[in-house]
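Peer 1: Dropping the structure in here first, questions after.
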Amino acid sequence: MSIAVHASQITKGFGKGAARTMALKGASLDAPLGELQLIVGPSGCGKTTLLSIVAGTLIPDEGTVEVLGEILTTLSQSKVTAFRRRNIGFIFQQFNLIPTLNLIENTSVPLLLNGISRHRAERAAEAMLDQVGLSGRGRHYPRQLSGGQQQRVAIARALVHNPRLVICDEPTSALDRETGHQVMNLLKDVARAPDRSVIVVTHDPRVYDFADRIAEMEDGRVLSNQPASHGQPPAVTG
Ligand SMILES: Nc1ncnc2c1ncn2[C@@H]1O[C@H](COP(=O)(O)OP(=O)(O)OP(=O)(O)O)[C@@H](O)[C@H]1O
Ligand SMILES: [Mg+2]
């Protein structure tokens with residue numbers, strides 16, 4: 001199997017009656033294994049909604065979603081949750097760190113959810129925090145960090161359990177040039193493995209150089225999904 005994600009004709013609306021917004025209007029996306037897939041498009045076009053559906057945290061109104069050979073749209077919610085914990089790392093646009101946990105504890109969460117002992121989980125979390133340039137900060141709390149540092153904790157937490165699919169919503173938005181580069185190299189390393197895949201939503205043109213494929217979204221649909229031609233930014237940007 002060479003497809004990481006096969007999402008077909010996804011629709012999703014929020015709200016009721018006159019206030020109803022159709023965030024996705026038949027969006028389809030195929031993301032291969034062993035690649036870094038970029039998704040670009042203007043603000044409000046449905047990128048975060050599509051990522052949440054692929055990650056199994058949001059249920060679509062219509063359409064099918066297959067991730068790493070599992071058809072999520074036919075599984076029970078508890079099976080989807082178990083699948084997600086094992087196989088998916090998610091970097092949220094708003095970081096979603098837990099304020100009452102220190103950085104090591106925040107980063108350990110995916111391992112603890114997978115039944116790893118606290119001691120082993122915290123050692124792995126510390127090693128992962130080193131990799132995102134936060135050595136020695138493990139006992140600090142999210143409120144003591146800058147936005148860019150919080151974002152790097154979110155990245156460490158998404159990667160710590162070696163998920164086969166890493167889904168990133170604006171992973172470099174708060175990062176300076178050098179740190180952004182370092183984070184993209186980490187994500188690129190994950191995507192180089194033949195049985196793993198990384199999907200990145202971004203407005204950051206610096207990320208385009210790392211992409212293997214670029215999908216362009218507009219108004220709830222994926223308009224195109226092509227191999228990246230480096231040096232040429234896609235036509236649709238936010
Ligand atoms: N929970 C929600 N309740 C109501 N409307 C929502 C909800 N989530 C998203 N929407 C609406 O759905 C549309 C798509 O939102 P989404 O967050 O997917 O856009 P996006 O492409 O990620 O935008 P951005 O680049 O600004 O992050 C928007 O019109 C948004 O207002
Ligand atoms: Mg978004």
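Peer 1: Restricting region 156-174 to residues that are of a type outside the set (A, V, I, L, M, F, W, C) and within 16 Å of ligand 2 (Cβ to nearest atom), which is surrounded by the fewest Cβ atoms within 10 Å (Cβ to Cβ)?
Peer 2: SER173
Peer 1: Looking at VAL153, VAL198 in this structure, which one is buried (at least 20 other Cβ atoms within 10 Å of the Cβ), within 19 Å of LEU36 (Cα to Cα) and touching a helix residue (DSSP H, G or I) at 6+ places or on another chain (Cβ under 6 Å)?
Peer 2: Answer to the selection: VAL198.
Peer 1: Let me ask another. Output the residues belonging to region 183-195 that are surrounded by fewer than 18 Cβ atoms within 10 Å (Cβ to Cβ) and either among the charged types (D, E, K, R) or farther than 23 Å from HIS6 by Cα (or both). Explain how you work it out, then say what you get.
Peer 2: Narrowing region 183-195 to residues surrounded by fewer than 18 Cβ atoms within 10 Å (Cβ to Cβ): 185, 188-189, 192-195.
Listed by number, the residues that qualify are ASN185, LYS188, ASP189, ARG192, ASP195.
Peer 1: I'm trying to understand the selection: among the residues of region 38-65, which are within 12 Å of ALA215 (Cβ to Cβ) and more than 16 Å from ligand 2 (Cβ to nearest atom)?
Peer 2: Hits for region 38-65: nothing passes.
Peer 1: Separate question: Could you check LEU29 against (1) modelled with pLDDT under 95; (2) over 14 Å from the mean Cα position of the chain (by Cα) and say which number it fails?
Peer 2: Result: LEU29 passes all but (1).
Peer 1: What pairs come up if the first residue lies in region 166-178 and is within 13 Å of ligand 1 (Cβ to nearest atom), the second is outside any strand (DSSP E or B) and among the hydroxyl-bearing types (Ser, Thr, Tyr), and their beta carbons are under 7 Å apart, counting only those six or more places apart or on different chains?
Peer 2: Once the first residue is within 13 Å of ligand 1 (Cβ to nearest atom) and sits in region 166-178, its partners that are outside any strand (DSSP E or B) and among the hydroxyl-bearing types (Ser, Thr, Tyr) give ASP169/THR48; GLU170/THR202.
Peer 1: Between a residue in region 7-35 that is without any contact (Cβ under 8 Å) to a residue 40 or more places away in the chain and any residue that is more than 16 Å from ligand 2 (Cβ to nearest atom), which pairs come within a Cβ distance under 6 Å, given they are 6 or more apart or on different chains?
Peer 2: Short answer, once both residue conditions are applied: ARG20/GLY13; THR21/GLY15.
The values are calculated or read from the model by the stated rules, or taken from the named source; none is laboratory data. Fair warning: this is a prediction, and the values are worked out from it, not measured in the lab. As a convention, Cβ positions derive from the backbone with ideal geometry for all residues, glycine included, and neighbour counts pool all protein chains shown.
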